[in-house]
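Peer 1: Attaching a single structure in structure tokens format; questions to follow.
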Amino acid sequence: MPRARALLERHRGRALRGLGRLDEAQEHARRALAAFRANGEAYNTARALTDLAEILLAAEEPAAALPLTDEAIRILSEENADQHVEYLRRLRERCSGPRE
């Protein structure tokens, strides 16, 4: 049951981000992240980190999103989730801003 609740929190956060309700989205993503960390679920922890980074980027807070992407990359590299790691690398570039 705790895992199902955490997944529901994660997906609520994603839905709220899509609606532009970023503060609420962030609350749900943080709750999901805490639950996945507590349950020791590496993959879902990384996915919640990704969601939170996307929310922070949408809220124009790239500096806050950057360490989340780095942590998610580290976790998912260990999980051999190559496709998602590639997505995170592109997301990380958005966090870092344009290069001169």
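The values are calculated or read from the model by the stated rules, or taken from the named source; none is laboratory data. Keep in mind it's a predicted model, so treat the numbers as computed, not measured. For neighbour counting, all protein chains shown are included, and Cβ atoms are generated from backbone atoms with ideal geometry for every residue, glycine included.
Peer 1: Of everything in region 40-64 that's under 15 Å from ARG92 (Cα atoms) and of a type in the set (Asp, Glu), which residue is surrounded by the most Cβ atoms within 10 Å (Cβ to Cβ)?
Peer 2: Within region 40-64, the match that is surrounded by the most Cβ atoms within 10 Å (Cβ to Cβ) is ASP51.
Peer 1: Can you pull out the residues in region 48-73 that are out of contact with any helix residue (DSSP H, G or I) (no Cβ under 8 Å at 6 or more places or on another chain) and in a helix (DSSP H, G or I)?
Peer 2: PRO67
Peer 1: So, in region 15-34, of the ones that are among the hydrophobic types (A, V, I, L, M, F, W, C) and either in contact (Cβ under 8 Å) with a residue 60 or more places away in the chain or surrounded by fewer than 16 Cβ atoms within 10 Å (Cβ to Cβ) (or both), which residue ends up farthest from ALA53 (Cα to Cα)?
Peer 2: LEU19
Peer 1: If you don't mind, there's one more thing I want to ask. Among residues belonging to region 56-100 that are among the charged types (D, E, K, R) and more than 19 Å from ASN44 (Cα to Cα), point out the one that is farthest from the chain's Cα centre (by Cα).
Peer 2: My answer is GLU100.
Peer 1: Return the residues of region 1-39 that are part of a loop (DSSP other than H, G, I, E, B) and at pLDDT below 95; say none if nothing qualifies.
Peer 2: MET1
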